[in-house]
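K.L.:
Below you'll find the structure I mean.
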Amino acid sequence: ARHSKRGTPIDVFRSRLTFPYRSSPDVAPFAFTGRIAGPHTPNTPKYLNTASWDGFKKGEHVLGLDQRRDHTRALVLVEGPWDAAAVTATTNHEWVGVATNGTAFTRRQAQHLTDTGLPIIMWTDPDTPGIAAARNAYATLASLPDAQDVVGQARLLTTLGHDPSAYTANFGPDAVRTALTDATR
């Protein structure tokens with residue numbers, strides 16, 4: 001909650017689907033991002049995040065890393081939590097969607113991904129900003145020392161013409177698994 005102009009508390013994430021930031025599945029969330037449910041006006045942001053505080057700055061965290069399991073084959077770097085959830089749920093955690101919640105990607109976020117030792121697949125939106133974000137993410141990952149094993153395995157899936165949630169909706173779970181299997185070979 002935050003205080004309104006009148007000083008009363010208001011629910012920041014009212015009418016939004018919320019996605020938690022966690023360090024592991026068995027701990028309480030330390031931040032949230034919320035996607036508006038249903039149609040929205042141009043002045044209403046599609047996503048809202050927890051305000052920055054000592055324990056959370058959006059550019060220092062990646063949403064979804066807590067979803068890794070022992071059988072996870074790779075991380076799939078996407079733009080938003082909806083896409084991350086689509087990847088993780090569709091593949092039963094075999095591939096885990098991780099989101100930057102936008103097109104920006106920082107060295108700190110890159111370090112979180114490479115620290116896992118898992119291969120990284122980039123599946124951003126197939127538009128100009130999404131493709132630029134994927135290229136920037138690859139360059140950021142490649143700039144990290146000792147990240148060559150992970151970066152050498154990085155793949156880009158923007159050529160599929162859809163973001164992960166749209167691809168899942170249009171072609172189904174088997175097509176998603178096939179695309180991700182092909183990207184990790």
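K.L.:
If you scan segment 14-35, which residues turn out to be surrounded by 13 or more Cβ atoms within 10 Å (Cβ to Cβ) and closer than 20 Å to HIS3 by Cα?
P.N.:
Across segment 14-35, the qualifying residues are ARG16, THR18, PHE30, ALA31, PHE32, THR33, GLY34.
K.L.:
Of these, GLY102, GLY64, which one is within 11 Å of the chain's Cα centre (by Cα) and modelled with pLDDT under 90? Walk me through how you get there before you give the answer.
P.N.:
Numbers: GLY64 fails: modelled with pLDDT under 90.
Being within 11 Å of the chain's Cα centre (by Cα) and modelled with pLDDT under 90 holds for just one of GLY102, GLY64, which is GLY102.
K.L.:
May I pose another question? Across segment 131-147, what is the total count of residues that are part of a helix (DSSP H, G or I) and buried (at least 18 other Cβ atoms within 10 Å of the Cβ)?
P.N.:
6
K.L.:
Can you pull out the residues in segment 21-58 that are among the polar types (S, T, N, Q) and without any contact (Cβ under 8 Å) to a residue 60 or more places away in the chain?
P.N.:
Hits for segment 21-58 are SER23, SER24, THR41, ASN43, THR44, ASN49, THR50, SER52.
K.L.:
Tell me, which strands (runs of 3 or more DSSP E) wholly within segment 59-123 include 2 or more residues that are in contact (Cβ under 8 Å) with a residue 60 or more places away in the chain and either open to solvent by less than 40 Å² (accessible area, probe 1.4 Å) or of a type in the set (S, T, N, Q) (or both)? Before the answer, list the steps.
P.N.:
Working: elements: 74-78, 95-99, 120-122.
Hits in segment 59-123: 74-78, 95-99.
K.L.:
Would you point out the residue of segment 28-58, among those that are hydrophobic (A, V, I, L, M, F, W, C) and in a strand (DSSP E or B), that is farthest from the chain's Cα centre (by Cα)?
P.N.:
TRP53
The values are calculated or read from the model by the stated rules, or taken from the named source; none is laboratory data. Keep in mind it's a predicted model, so treat the numbers as computed, not measured. Heads up, the Cβs are rebuilt from the backbone with ideal geometry, glycines too, and the neighbour counts pull from every protein chain shown. Accessible surface is based on the protein model in full, side chains and every heavy atom, while ligands, DNA and RNA are left aside. Shrake-Rupley method; radii C 1.70, N 1.55, O 1.52, S 1.80 Å.
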